[in-house]
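The values are calculated or read from the model by the stated rules, or taken from the named source; none is laboratory data. Remember, predicted model here, so these are calculated numbers, not experimental data. Glycine also receives a Cβ, built like all others from the backbone with ideal geometry; neighbour counts cover every protein chain displayed.
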Amino acid sequence: MTPEKHQKKIAVINDLSGYGRCSLTVVIPILSALKIQCCPVPTSILSNHTGFPTYFFDDYTEKMPMYIEEWKKLHLTFDGIYSGFLGSEAQIQIVIDMIKEFGTKEGRVIIDPIMGDHGKAYQTYTPQMCSRMKELVGYGNIVTPNLTEACILTGREYQKEGFRRNELIQMAEEIRELGPDAVVITGVKEGSFVTNVVLEADGTHHFIRTRHVGNERPGTGDVFSSIIAAYAVHGASLRDGVRKAADFVKECILKSDELNVPVENGVCFEELLSLLIRHR
Ligand SMILES: Nc1ncnc2c1ncn2[C@@H]1O[C@H](COP(=O)(O)OP(=O)(O)O)[C@@H](O)[C@H]1O
Ligand SMILES: Cc1ncc(COP(=O)(O)O)c(C=O)c1O
(Lines give C-alpha, C1' and ligand atoms only; values in the text may rest on other atoms or scores of the structure.)
(Ligands and ions follow the chains in the order given, each with its own letter.)
Protein backbone atom coordinates (compact mmCIF):
# COMPACT_ATOMS: atom_id res chain seq x y z
CA MET A 1 0.00 0.00 0.00
CA THR A 2 1.32 3.48 -0.81
CA PRO A 3 1.94 5.28 2.47
CA GLU A 4 -0.39 8.17 3.25
CA LYS A 5 1.30 11.45 2.28
CA HIS A 6 1.74 12.43 5.77
CA GLN A 7 -0.78 14.72 7.34
CA LYS A 8 -0.04 15.01 11.08
CA LYS A 9 -2.37 13.64 13.78
CA ILE A 10 -2.60 14.49 17.46
CA ALA A 11 -4.50 12.43 20.04
CA VAL A 12 -6.06 14.96 22.40
CA ILE A 13 -7.19 13.95 25.88
CA ASN A 14 -9.52 16.64 27.17
CA ASP A 15 -13.14 17.34 28.13
CA LEU A 16 -15.98 18.27 25.79
CA SER A 17 -17.86 21.30 27.12
CA GLY A 18 -20.82 22.07 24.87
CA TYR A 19 -20.96 25.81 25.57
CA GLY A 20 -18.42 28.42 26.58
CA ARG A 21 -15.46 27.78 24.25
CA CYS A 22 -12.87 25.76 26.07
CA SER A 23 -11.13 22.38 25.93
CA LEU A 24 -12.10 20.28 22.86
CA THR A 25 -14.36 22.89 21.25
CA VAL A 26 -11.26 25.10 21.08
CA VAL A 27 -8.61 22.47 20.41
CA ILE A 28 -10.34 20.79 17.44
CA PRO A 29 -10.76 23.92 15.24
CA ILE A 30 -7.32 25.28 16.12
CA LEU A 31 -5.54 22.05 15.21
CA SER A 32 -7.62 21.85 12.02
CA ALA A 33 -6.65 25.40 11.04
CA LEU A 34 -3.05 24.36 11.55
CA LYS A 35 -3.57 21.38 9.20
CA ILE A 36 -3.51 18.73 11.89
CA GLN A 37 -6.05 15.95 12.31
CA CYS A 38 -7.40 16.14 15.87
CA CYS A 39 -8.31 12.76 17.40
CA PRO A 40 -10.14 13.41 20.67
CA VAL A 41 -10.30 11.17 23.73
CA PRO A 42 -13.03 12.77 25.88
CA THR A 43 -12.41 12.76 29.63
CA SER A 44 -15.88 14.06 30.47
CA ILE A 45 -18.86 15.65 28.79
CA LEU A 46 -20.28 18.88 30.15
CA SER A 47 -23.26 20.91 28.96
CA ASN A 48 -21.08 24.01 29.41
CA HIS A 49 -17.87 24.79 31.31
CA THR A 50 -17.77 25.05 35.10
CA GLY A 51 -17.46 28.84 35.10
CA PHE A 52 -21.26 29.08 34.58
CA PRO A 53 -23.59 28.93 37.62
CA THR A 54 -24.99 25.54 36.57
CA TYR A 55 -23.83 22.65 34.38
CA PHE A 56 -24.36 18.97 33.56
CA PHE A 57 -21.25 16.82 33.99
CA ASP A 58 -20.76 13.23 32.85
CA ASP A 59 -17.46 11.63 33.86
CA TYR A 60 -16.00 9.41 31.15
CA THR A 61 -13.23 7.72 33.18
CA GLU A 62 -14.73 4.22 33.09
CA LYS A 63 -15.33 4.35 29.34
CA MET A 64 -11.91 5.70 28.38
CA PRO A 65 -10.02 2.35 28.56
CA MET A 66 -12.59 0.70 26.23
CA TYR A 67 -12.36 3.62 23.82
CA ILE A 68 -8.55 3.49 23.78
CA GLU A 69 -8.56 -0.30 23.49
CA GLU A 70 -10.22 0.03 20.06
CA TRP A 71 -7.46 2.38 18.94
CA LYS A 72 -4.91 -0.26 19.96
CA LYS A 73 -6.77 -2.92 17.93
CA LEU A 74 -6.69 -0.58 14.93
CA HIS A 75 -2.93 -0.01 15.45
CA LEU A 76 -3.44 3.73 15.22
CA THR A 77 -0.37 5.93 15.42
CA PHE A 78 -0.06 9.61 16.24
CA ASP A 79 2.48 12.37 15.71
CA GLY A 80 1.54 13.91 19.01
CA ILE A 81 -0.29 13.27 22.25
CA TYR A 82 -1.68 16.31 24.02
CA SER A 83 -3.42 16.19 27.39
CA GLY A 84 -5.47 18.94 29.02
CA PHE A 85 -8.08 18.94 31.79
CA LEU A 86 -8.13 15.63 33.70
CA GLY A 87 -10.79 15.01 36.33
CA SER A 88 -9.39 12.16 38.43
CA GLU A 89 -6.25 10.28 39.47
CA ALA A 90 -7.43 7.38 37.30
CA GLN A 91 -7.47 9.67 34.24
CA ILE A 92 -3.88 10.74 34.92
CA GLN A 93 -2.90 7.05 34.90
CA ILE A 94 -4.85 6.51 31.66
CA VAL A 95 -2.85 9.29 29.98
CA ILE A 96 0.43 7.79 31.23
CA ASP A 97 -0.65 4.41 29.81
CA MET A 98 -1.59 6.05 26.50
CA ILE A 99 1.81 7.71 26.21
CA LYS A 100 3.49 4.35 26.87
CA GLU A 101 1.28 2.67 24.27
CA PHE A 102 1.15 5.30 21.51
CA GLY A 103 4.22 7.46 22.19
CA THR A 104 7.11 7.22 19.72
CA LYS A 105 10.60 8.65 19.62
CA GLU A 106 9.65 11.12 16.88
CA GLY A 107 6.20 11.92 18.32
CA ARG A 108 5.73 14.92 20.59
CA VAL A 109 3.97 14.77 23.96
CA ILE A 110 2.48 18.03 25.19
CA ILE A 111 1.14 18.13 28.74
CA ASP A 112 -0.90 21.08 29.95
CA PRO A 113 -0.90 20.23 33.68
CA ILE A 114 -4.25 21.89 34.43
CA MET A 115 -4.52 22.00 38.23
CA GLY A 116 -5.41 25.53 39.25
CA ASP A 117 -5.33 29.26 38.63
CA HIS A 118 -4.96 32.54 40.53
CA GLY A 119 -2.82 30.93 43.22
CA LYS A 120 -5.24 28.11 44.08
CA ALA A 121 -5.59 24.45 43.08
CA TYR A 122 -9.06 23.65 41.68
CA GLN A 123 -11.39 22.20 44.33
CA THR A 124 -11.49 18.87 42.53
CA TYR A 125 -7.69 18.64 42.67
CA THR A 126 -6.62 16.50 45.63
CA PRO A 127 -3.01 16.42 46.88
CA GLN A 128 -2.74 12.87 45.44
CA MET A 129 -3.75 14.18 42.01
CA CYS A 130 -1.15 16.94 42.26
CA SER A 131 1.53 14.39 43.00
CA ARG A 132 0.40 12.10 40.15
CA MET A 133 0.47 15.14 37.87
CA LYS A 134 4.19 15.54 38.70
CA GLU A 135 4.66 12.03 37.38
CA LEU A 136 2.69 12.73 34.19
CA VAL A 137 4.68 15.93 33.56
CA GLY A 138 7.78 13.71 33.44
CA TYR A 139 6.47 12.05 30.27
CA GLY A 140 6.10 15.34 28.35
CA ASN A 141 8.35 16.78 25.68
CA ILE A 142 6.77 20.15 26.38
CA VAL A 143 4.79 21.13 29.47
CA THR A 144 2.79 24.36 29.78
CA PRO A 145 1.91 25.13 33.42
CA ASN A 146 0.52 28.55 34.30
CA LEU A 147 2.22 30.32 37.21
CA THR A 148 -0.13 28.75 39.79
CA GLU A 149 0.59 25.26 38.43
CA ALA A 150 4.33 25.97 38.32
CA CYS A 151 4.13 26.89 42.04
CA ILE A 152 2.21 23.68 42.82
CA LEU A 153 4.71 21.57 40.85
CA THR A 154 7.72 23.15 42.59
CA GLY A 155 6.20 23.46 46.09
CA ARG A 156 6.33 27.26 46.15
CA GLU A 157 4.02 29.80 47.70
CA TYR A 158 2.18 31.64 44.89
CA GLN A 159 2.90 35.32 44.35
CA LYS A 160 0.94 37.22 41.70
CA GLU A 161 3.78 39.45 40.53
CA GLY A 162 6.58 38.97 43.04
CA PHE A 163 8.87 36.45 41.32
CA ARG A 164 12.15 37.72 39.93
CA ARG A 165 13.21 36.45 36.55
CA ASN A 166 16.03 34.29 37.92
CA GLU A 167 13.55 32.59 40.25
CA LEU A 168 11.19 31.97 37.33
CA ILE A 169 14.04 30.27 35.46
CA GLN A 170 14.82 28.28 38.59
CA MET A 171 11.17 27.16 38.74
CA ALA A 172 11.24 26.09 35.09
CA GLU A 173 14.46 24.17 35.74
CA GLU A 174 12.93 22.39 38.73
CA ILE A 175 9.97 21.40 36.55
CA ARG A 176 12.39 20.14 33.91
CA GLU A 177 14.02 17.97 36.57
CA LEU A 178 10.68 16.12 36.78
CA GLY A 179 11.45 14.81 33.28
CA PRO A 180 10.11 16.95 30.41
CA ASP A 181 12.46 18.31 27.73
CA ALA A 182 11.05 21.83 27.67
CA VAL A 183 8.88 24.01 29.90
CA VAL A 184 6.73 27.07 29.24
CA ILE A 185 5.44 28.87 32.34
CA THR A 186 2.47 30.93 31.12
CA GLY A 187 0.61 33.95 32.41
CA VAL A 188 3.38 35.65 34.40
CA LYS A 189 2.24 39.25 34.98
CA GLU A 190 4.98 41.84 34.70
CA GLY A 191 3.44 45.31 34.99
CA SER A 192 1.40 45.95 31.84
CA PHE A 193 2.84 42.84 30.14
CA VAL A 194 2.21 39.12 30.39
CA THR A 195 5.29 36.94 30.03
CA ASN A 196 5.84 33.34 29.01
CA VAL A 197 8.97 31.85 30.55
CA VAL A 198 10.46 29.39 28.07
CA LEU A 199 13.07 26.81 29.04
CA GLU A 200 14.22 24.94 25.93
CA ALA A 201 15.41 21.36 25.64
CA ASP A 202 19.02 22.59 25.25
CA GLY A 203 18.79 24.49 28.55
CA THR A 204 18.54 27.98 27.04
CA HIS A 205 15.76 30.25 28.22
CA HIS A 206 13.77 33.19 26.85
CA PHE A 207 11.13 35.52 28.21
CA ILE A 208 8.44 36.12 25.60
CA ARG A 209 6.41 39.17 26.51
CA THR A 210 3.07 40.42 25.19
CA ARG A 211 1.04 43.45 26.21
CA HIS A 212 -1.59 42.40 28.75
CA VAL A 213 -5.02 43.25 27.31
CA GLY A 214 -8.68 43.10 28.28
CA ASN A 215 -10.35 40.67 30.62
CA GLU A 216 -9.31 37.26 31.88
CA ARG A 217 -11.33 34.75 29.89
CA PRO A 218 -11.77 30.97 30.13
CA GLY A 219 -10.21 28.83 27.43
CA THR A 220 -7.17 31.02 26.74
CA GLY A 221 -4.89 28.31 28.13
CA ASP A 222 -6.47 25.80 25.72
CA VAL A 223 -5.99 28.14 22.74
CA PHE A 224 -2.38 28.73 23.79
CA SER A 225 -1.40 25.08 24.37
CA SER A 226 -3.14 23.90 21.18
CA ILE A 227 -0.93 26.19 19.11
CA ILE A 228 2.16 25.04 21.03
CA ALA A 229 1.18 21.40 20.35
CA ALA A 230 0.57 22.04 16.64
CA TYR A 231 3.82 23.93 16.14
CA ALA A 232 5.76 21.21 17.97
CA VAL A 233 4.30 18.47 15.80
CA HIS A 234 5.12 20.50 12.67
CA GLY A 235 8.75 20.66 13.85
CA ALA A 236 8.75 24.45 14.44
CA SER A 237 10.89 25.90 17.21
CA LEU A 238 9.29 26.25 20.63
CA ARG A 239 10.11 29.94 20.54
CA ASP A 240 8.09 30.42 17.33
CA GLY A 241 5.21 28.42 18.78
CA VAL A 242 5.11 30.49 21.95
CA ARG A 243 5.33 33.78 20.02
CA LYS A 244 2.48 32.76 17.72
CA ALA A 245 0.34 31.42 20.58
CA ALA A 246 0.83 34.52 22.74
CA ASP A 247 0.06 36.92 19.86
CA PHE A 248 -3.00 34.92 18.83
CA VAL A 249 -4.47 34.81 22.37
CA LYS A 250 -3.94 38.56 22.70
CA GLU A 251 -5.73 39.24 19.39
CA CYS A 252 -8.59 36.92 20.42
CA ILE A 253 -9.09 38.78 23.71
CA LEU A 254 -9.10 42.15 21.93
CA LYS A 255 -11.65 40.90 19.37
CA SER A 256 -13.86 39.39 22.11
CA ASP A 257 -13.90 42.70 23.98
CA GLU A 258 -14.61 44.58 20.73
CA LEU A 259 -17.61 42.31 20.02
CA ASN A 260 -18.80 42.46 23.65
CA VAL A 261 -18.57 38.68 24.01
CA PRO A 262 -19.55 37.91 27.63
CA VAL A 263 -16.43 36.90 29.57
CA GLU A 264 -17.79 33.45 30.48
CA ASN A 265 -18.20 32.69 26.74
CA GLY A 266 -14.40 32.61 26.37
CA VAL A 267 -12.66 34.08 23.31
CA CYS A 268 -14.30 34.33 19.88
CA PHE A 269 -11.27 32.79 18.17
CA GLU A 270 -13.49 31.81 15.19
CA GLU A 271 -13.28 35.44 13.98
CA LEU A 272 -9.51 35.16 13.74
CA LEU A 273 -8.82 31.57 12.69
CA SER A 274 -7.56 32.89 9.34
CA LEU A 275 -4.52 34.28 11.21
CA LEU A 276 -3.54 30.69 11.95
CA ILE A 277 -4.17 29.07 8.58
CA ARG A 278 -0.96 27.34 7.73
CA HIS A 279 0.38 27.32 4.19
CA ARG A 280 2.59 24.52 3.08
N1 LIG B 1 -5.19 39.21 29.16
C2 LIG B 1 -4.20 38.74 28.38
N3 LIG B 1 -3.50 39.59 27.58
C4 LIG B 1 -2.54 39.14 26.74
N5 LIG B 1 -2.19 37.82 26.67
C6 LIG B 1 -2.85 36.93 27.45
C7 LIG B 1 -3.87 37.34 28.35
N8 LIG B 1 -4.35 36.25 28.98
C9 LIG B 1 -3.64 35.20 28.51
N10 LIG B 1 -2.73 35.60 27.59
C11 LIG B 1 -1.78 34.75 26.86
O12 LIG B 1 -2.20 33.40 26.92
C13 LIG B 1 -1.24 32.61 27.65
C14 LIG B 1 -1.98 31.55 28.43
O15 LIG B 1 -2.86 32.16 29.34
P16 LIG B 1 -2.96 31.72 30.87
O17 LIG B 1 -3.97 32.62 31.51
O18 LIG B 1 -1.60 31.66 31.47
O19 LIG B 1 -3.51 30.24 30.71
P20 LIG B 1 -4.36 29.32 31.71
O21 LIG B 1 -5.77 29.44 31.20
O22 LIG B 1 -3.74 27.98 31.49
O23 LIG B 1 -4.18 29.85 33.10
C24 LIG B 1 -0.45 33.62 28.48
O25 LIG B 1 0.83 33.16 28.83
C26 LIG B 1 -0.40 34.80 27.54
O27 LIG B 1 0.61 34.67 26.55
C1 LIG C 1 -14.37 21.71 32.24
C2 LIG C 1 -13.47 22.85 31.85
N3 LIG C 1 -12.49 22.66 30.95
C4 LIG C 1 -11.68 23.67 30.55
C5 LIG C 1 -11.82 24.97 31.05
C6 LIG C 1 -10.94 26.07 30.51
O7 LIG C 1 -9.79 26.21 31.23
P8 LIG C 1 -8.70 27.35 30.89
O9 LIG C 1 -9.35 28.67 31.17
O10 LIG C 1 -7.58 27.04 31.85
O11 LIG C 1 -8.27 27.20 29.47
C12 LIG C 1 -12.81 25.21 31.98
C13 LIG C 1 -12.95 26.57 32.52
O14 LIG C 1 -13.85 26.89 33.27
C15 LIG C 1 -13.66 24.13 32.39
O16 LIG C 1 -14.65 24.32 33.26
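Here are the numbers for this structure:
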read-out: Matching entry among Q170, Q128 (being closer than 18 Å to S83 by Cβ and surrounded by fewer than 16 Cβ atoms within 10 Å (Cβ to Cβ)); value: Q128
read-out: Check on G179, at pLDDT below 95, over 16 Å from the mean Cα position of the chain (by Cα) and either within 25 Å of A11 (Cβ to Cβ) or not hydrophobic (A, V, I, L, M, F, W, C) (or both); value: no
read-out: Hits in the stretch 48-85 - residues which are in contact with an Asp or Glu (Cβ under 7 Å, 6 or more places away or on another chain), at pLDDT 95 or above and within 12 Å of ligand 2 (Cβ to nearest atom); value: F52, G84
read-out: Those residues of the stretch 72-98 which are away from ligand 1 (no atom under 16 Å from the Cβ), within 15 Å of P42 (Cα to Cα) and of a type in the set (A, V, I, L, M), in sequence order; value: I81, A90, I92, I94, V95, M98
read-out: Residues of the stretch 13-54 that turn out to be in contact (Cβ under 8 Å) with a residue 24 or more places away in the chain and over 15 Å from G219 (Cβ atoms), as a count; value: 15
read-out: Of all residues in the stretch 56-91 being out of contact with any strand residue (DSSP E or B) (no Cβ under 9 Å at 6 or more places or on another chain) and not charged (D, E, K, R), the one that is surrounded by the most Cβ atoms within 10 Å (Cβ to Cβ); value: A90
read-out: Checklist (1) within 9 Å of ligand 1 (Cβ to nearest atom); (2) touching a residue at least 24 places away in the same chain (Cβ under 8 Å); (3) farther than 21 Å from M115 by Cβ; (4) not β-branched (V, I, T) applied to F193, failing item; value: (2)
read-out: Any hit, the stretch 256-277, residues being within 23 Å of V143 (Cα to Cα), of a type outside the set (F, W, Y) and assigned to a helix (DSSP H, G or I); value: no
read-out: Residue within the stretch 211-221 that is assigned to a strand (DSSP E or B), over 20 Å from S83 (Cα atoms), modelled with pLDDT of 95 or more and more than 14 Å from ligand 2 (Cβ to nearest atom) present; value: yes
read-out: All positions within the stretch 20-38 that are in a loop (DSSP other than H, G, I, E, B) and away from ligand 2 (no atom under 11 Å from the Cβ); value: L34, K35
read-out: Meets criteria (touching a strand residue (DSSP E or B) at 6+ places or on another chain (Cβ under 9 Å), of a type in the set (F, W, Y) and not in a helix (DSSP H, G or I)) for F224; value: no
read-out: Where a residue in the stretch 91-112 is closer than 15 Å to D181 by Cβ and within 16 Å of ligand 2 (Cβ to nearest atom) and its partner, wherever it lies, is among the aromatic types (F, W, Y) and assigned to a loop (DSSP other than H, G, I, E, B), with Cβ under 9 Å and at least six apart; value: I111/Y139
read-out: Number of the exception - R278 against (1) free of Cβ contacts under 8 Å to residues at least 12 places away in the same chain; (2) more than 16 Å from ligand 1 (Cβ to nearest atom); value: (1)
read-out: Of the criteria (1) assigned to a loop (DSSP other than H, G, I, E, B); (2) of a type in the set (A, V, I, L, M); (3) more than 23 Å from E135 (Cα to Cα), which one L86 fails; value: (3)
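Quick grid of which residues meet (1) in contact with a Ser or Thr (Cβ under 6 Å, 6 or more places away or on another chain); (2) closer than 26 Å to C38 by Cα:
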| residue | (1), (2) |
| --- | --- |
| K105 | no, yes |
| D112 | yes, yes |
| D117 | yes, no |
| G140 | no, yes |
| G191 | no, no |
